[in-house]
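Worksheet: one structure, shown below.
The values are calculated or read from the model by the stated rules, or taken from the named source; none is laboratory data. None of these values were measured; they are calculated from a predicted model. For neighbour counting, all protein chains shown are included, and Cβ atoms are generated from backbone atoms with ideal geometry for every residue, glycine included.
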Amino acid sequence: MNALTITIRDAETGPVLGLAGDLDYDQAPRLRQALEALTLRPGQRLVMDLSRIRFCDSSGITVLIVARNLAVAAGADMALAGVPDNTLRILRIVGLDQVFPLHPDVATALADGPADPS
């Protein structure tokens, strides 16, 4: 088991959360707490950098959905960046690749920017 490391930085378009380690049953509550502490404003984009995630189970997928729901409730949107192949496979199997905007890296997710609120 690799403990989850969460880094948060502000970008022009909104917060960027960098995750490293395992996003599993033991670690997902920590991410949920970090998400609930964020202040998202309408029109922002929450970017979650998963490029350093080693393992993601169903609890991790659930907290990604929670993150999206928090963003939508705030009038913001959300994108995933650098999703590892094993996690991307899971997202595709359950159809969440149709729900989350997926980007190869954080720079691309930030360049794409949030959806136009109009």
Residues satisfying the stated conditions in region 58-74, i.e. buried (at least 16 other Cβ atoms within 10 Å of the Cβ) and either at pLDDT below 95 or hydrophobic (A, V, I, L, M, F, W, C) (or both): 61, 63, 64, 67, 70, 71, 74
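Restricting to region 80-98, and then to whatever is within 24 Å of residue 110 (Cβ to Cβ) and among the aliphatic types (A, V, I, L, M), can you tell me which residue is nearest to the chain's Cα centre (by Cα)? Spell out how you get there, then give the answer.
In the first step, residues of region 80-98 are kept if they are within 24 Å of residue 110 (Cβ to Cβ); the result is 80-85, 87-88, 91-92, 96-98.
Now restrict to residues that are among the aliphatic types (A, V, I, L, M): 80-81, 83, 88, 91, 96.
Details: 80: 5, 81: 8, 83: 9, 88: 12, 91: 12, 96: 12 Å.
Ranking the qualifying residues of region 80-98, first place goes to 80.
How many residues does region 1-51 contain that are under 23 Å from residue 86 (Cβ atoms), over 13 Å from the mean Cα position of the chain (by Cα) and not aromatic (Phe, Trp, Tyr)? Can you show your working first?
We begin by selecting, within region 1-51, every residue under 23 Å from residue 86 (Cβ atoms); these are 1-7, 16-32, 34-35, 46-51.
Imposing the further condition that a residue be over 13 Å from the mean Cα position of the chain (by Cα) reduces the set to 1-5, 21-22, 24-27, 29-30.
Next, from what is left, pick out any that are not aromatic (Phe, Trp, Tyr): 1-5, 21-22, 24, 26-27, 29-30.
Residues that pass the stated criteria total 12.
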Starting from region 96-109, keep only residues that are under 19 Å from residue 19 (Cα atoms) and among the aromatic types (Phe, Trp, Tyr), then list their pairs with residues that are surrounded by 17 or more Cβ atoms within 10 Å (Cβ to Cβ) and at pLDDT 95 or above whose Cβ atoms are within a distance under 9 Å, requiring at least 6 positions of separation or different chains. 100/48; 100/64; 100/68; 100/78; 100/79; 100/80; 100/83; 100/91
Cβ-Cβ distance below 9 Å, separation of 6 or more or different chains: which pairs start in region 4-28 with a residue that is over 15 Å from residue 106 (Cβ atoms) and end on one that is basic (Lys, Arg) and surrounded by 12 or more Cβ atoms within 10 Å (Cβ to Cβ)? 4/30; 5/52; 21/52; 21/54; 22/54; 23/54
Unique residue being in a strand (DSSP E or B), over 19 Å from residue 4 (Cβ atoms) and at pLDDT 95 or above when the list is 109, 79: 79
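Take the conditions exposed (fewer than 15 other Cβ atoms within 10 Å of the Cβ), among the aliphatic types (A, V, I, L, M) and within 23 Å of residue 112 (Cβ to Cβ) and apply them to residue 8. Does it pass?
Numbers: exposed (fewer than 15 other Cβ atoms within 10 Å of the Cβ): yes; among the aliphatic types (A, V, I, L, M): yes; within 23 Å of residue 112 (Cβ to Cβ): yes.
Considered against the rule, which asks whether it is exposed (fewer than 15 other Cβ atoms within 10 Å of the Cβ), among the aliphatic types (A, V, I, L, M) and within 23 Å of residue 112 (Cβ to Cβ), residue 8 comes out as yes.
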